[in-house]
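So the structure is just underneath, and the comments pick up after that.
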Amino acid sequence: MKKNGYHEIKEHVAAMIRSKQWPPGYLLPSEIDLAAQFDCARATVNRALTELADEQIIDRKRKAGSRVRDGSERIVNLRFQFPCREVTSTGKTHKYVSLKREACPLPEMLQDEGATGEAPEALKLEGVHYANDQPFQFEQTWIRRDASSGREGEMPDHSAPCLRLLQKSPYFHGSITISVARATQEEARYLGIRTGDPLLIKDLVLTEGQGGTPVARMRMSYRASYTFAGTF
């Protein structure tokens, strides 16, 4: 007799939730009970519940079981693309122009928590990304000079720092903050707008590995007409 696969278990749980027989906050049967009900291995149940958790249908906690999510908090999946990809994906030609390269004090958000002694320097770079020769984004980047990614020779002027960093290593993780601000005189000049005009800001901090040492910060400034989207 063929045993049930994880697809059948997943669909059964989803159907119970859709029909409201298992309302938000409901504690699901244990993996052992579901395995007995569907005559399958516990690992099969685990796979089905893991997929439902990944889809934000249920919450799973070790030793506390699985519960139906109440939907009041969702994780938004943003497709984050760097400017060169954003521009070329619309059929336009991308160009990066380097404006500044200098040594500076390490920004606070790149300093090691609890570190003592003199903080290392950072390499600061500024540049503008263009789409068909129109300013698309003004970018400021700070890179720890004591990290391998901060070596002078590995940041050529013709290459955008953000892209160069990720090309060097696929193991970078990051956190992103989205905010609005008014354009400074410098930002206005390079983006072709007026001082004080609204900007959308993406502030990205890259770390070497999940929860690792912060190695770079990128502040990306866009004109108010810029949009981006995500799914949940």
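The values are calculated or read from the model by the stated rules, or taken from the named source; none is laboratory data. Keep in mind that this is a model prediction, so the values were computed, not measured. Methodologically, a virtual Cβ is constructed for each residue, glycine included, from the backbone with ideal geometry; neighbour enumeration extends over all protein chains shown.
So which residues in the range 42-56 are within 19 Å of ASN4 (Cβ to Cβ) and touching a residue at least 24 places away in the same chain (Cβ under 8 Å), if there are any at all? Matches in the range 42-56: THR44, VAL45, ARG47, ALA48, LEU49, GLU51, LEU52.
Checking each residue in the range 175-212 for being among the β-branched types (Val, Ile, Thr), touching a helix residue (DSSP H, G or I) at 6+ places or on another chain (Cβ under 9 Å) and more than 21 Å from GLN81 (Cβ to Cβ) picks out ILE193, THR195.
When ALA160 is tested against (1) hydrophobic (A, V, I, L, M, F, W, C); (2) modelled with pLDDT of 90 or more; (3) in contact with a helix residue (DSSP H, G or I) (Cβ under 7 Å, 6 or more places away or on another chain), exactly one condition is not met: (2). Only one entry in LEU204, LEU199 is closer than 24 Å to ILE143 by Cα, modelled with pLDDT of 95 or more and outside any loop (DSSP other than H, G, I, E, B), namely LEU199.
Among (1) at pLDDT 90 or above; (2) exposed (fewer than 13 other Cβ atoms within 10 Å of the Cβ); (3) more than 26 Å from the chain's Cα centre (by Cα), where does THR93 come up short? Going through (1) at pLDDT 90 or above; (2) exposed (fewer than 13 other Cβ atoms within 10 Å of the Cβ); (3) more than 26 Å from the chain's Cα centre (by Cα) one by one, THR93 breaks only (3).
Being modelled with pLDDT of 90 or more and either surrounded by 14 or more Cβ atoms within 10 Å (Cβ to Cβ) or in a strand (DSSP E or B) (or both) holds for only one residue in ARG219, ARG194, and it is ARG219.
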